[in-house]
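These notes concern the structure reproduced below.
The values are calculated or read from the model by the stated rules, or taken from the named source; none is laboratory data. The structure presented is a predicted model; accordingly, all values stated were derived computationally and were not measured. Here Cβ is always computed from backbone atoms with ideal geometry, including for glycine, and neighbour counts include all displayed protein chains. Protein only, heavy atoms only, side chains kept; ligands, DNA and RNA dropped before computing areas. Shrake-Rupley method; radii C 1.70, N 1.55, O 1.52, S 1.80 Å.
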Amino acid sequence: QVQLVESGGGLVQPGGSLNLSCAASGSIYTIYDMGWYRQAPGKQRELVATITSIGNTNYRDSVKGRFTISRDNAKNTVFLQMNSLKPEDTAVYSCNVELRRYSDFEVADYWGKGTLVTVSS
């Protein structure tokens, strides 16, 4: 099986920074796209940023210039550096990984359990 373990959430003041990480482990042959999504209370989940296996990135407009997604392919880990945080960034952030499993060679999507980011003074 495959597990995703996220870390790095917490409480931060407006203008502060946080760095999220998500490590994938288990029956992994190769990882394709990796990404971060968020869901604020009472709202639908939305895409924050994605990164392909060769490093091409995509961001939602509201985080461009403030957030940076990166990945360490050797460690099967994706990061989200969040700077200049705003109260409206408050949400549960979840990582998403598209990968091919070693066990059956099937491609599947996996989600982390989520980590809470609260931006408040």
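Counting other Cβ atoms within 10 Å of each Cβ, which GluC sites (Glu not before Pro) in the stretch 35-113 have at most 16 and sit in a DSSP loop? Within the stretch 35-113, the qualifying GluC sites (Glu not before Pro) (loop, at most 16 other Cβ atoms within 10 Å) are 106.
For the stretch 1-65, the gyration tensor built on C-alpha atoms gives a prolate shape. Its axis ratio a/c (a ≥ b ≥ c) is at least 1.5, and a/b is the larger of a/b and b/c. Across the stretch 12-18, computed HN-Hα scalar couplings (Karplus, 6.51 cos²θ - 1.76 cosθ + 1.60, θ = phi - 60°) run 9, 7, x, x, x, 10, 9 Hz from first to last residue, x flagging Gly and Pro.
Amide H contacts for residue 86 (H built 1.01 Å from N in the peptide plane; partners 5 or more residues away or on another chain; cut-off under 5 Å): 15. For the residue pairs 86/113; 43/113; 64/113, the C-alpha atoms sit more than 21 angstrom apart in 86/113; 64/113.
For residue 73 and residue 39, what is the calculated FRET efficiency with R₀ set at 25 Å and r taken between the beta-carbons, to the nearest 0.05? Please report the intermediate quantities before stating the final value.
Numbers: r = 27 Å, r/R0 = 1.08.
Plugging the Cβ-Cβ distance into 1/(1 + (r/R0)^6) gives 0.40.
Solvent-accessible surface of the chain, taken per residue with a 1.4 Å probe and all protein chains present: 54 Å². With θ taken as phi - 60° and the Karplus curve 6.51 cos²θ - 1.76 cosθ + 1.60 applied, the whole-hertz 3J(HN,Hα) list for the stretch 23-37 is 10, 9, 8, x, 7, 10, 8, 7, 10, 9, 6, 10, x, 10, 10 Hz, x standing for glycine and proline.
Per-residue 3J(HN,Hα) values for the stretch 41-50, derived from phi via the Karplus relation 6.51 cos²θ - 1.76 cosθ + 1.60 with θ = phi - 60°, read x, x, 10, 7, 5, 9, 6, 9, 6, 9 Hz in sequence order (x marks Gly and Pro).
In nanometres, what is the gap between the two model label sites at residue 30 and residue 57, each 7 Å from Cα along Cα-to-Cβ? Going by the 7 Å Cα→Cβ label model, 2.4 nm.
Select from the stretch 38-121 those chymotrypsin sites (Phe, Trp or Tyr not before Pro) which occupy a DSSP coil region and have at most 13 other Cβ atoms within 10 Å, ordered by residue number. Numbers along the way, then the final one.
Numbers: sites: 59, 67, 79, 93, 102, 105, 110, 111; in loops: 102, 105.
In loop regions of the stretch 38-121 (DSSP not H, G, I, E or B), the sparsely surrounded chymotrypsin sites (Phe, Trp or Tyr not before Pro) are 102, 105.
In a reduced charge model with +1 at each Lys and Arg Cβ and -1 at each Asp and Glu Cβ, the stretch 21-121 shows a dipole moment near 260 debye about its Cα centre. Near the amide H of residue 71, within less than 5 Å, lie the amide hydrogens of 79, all on another chain or at least 5 residues away, with H placed in the peptide plane.
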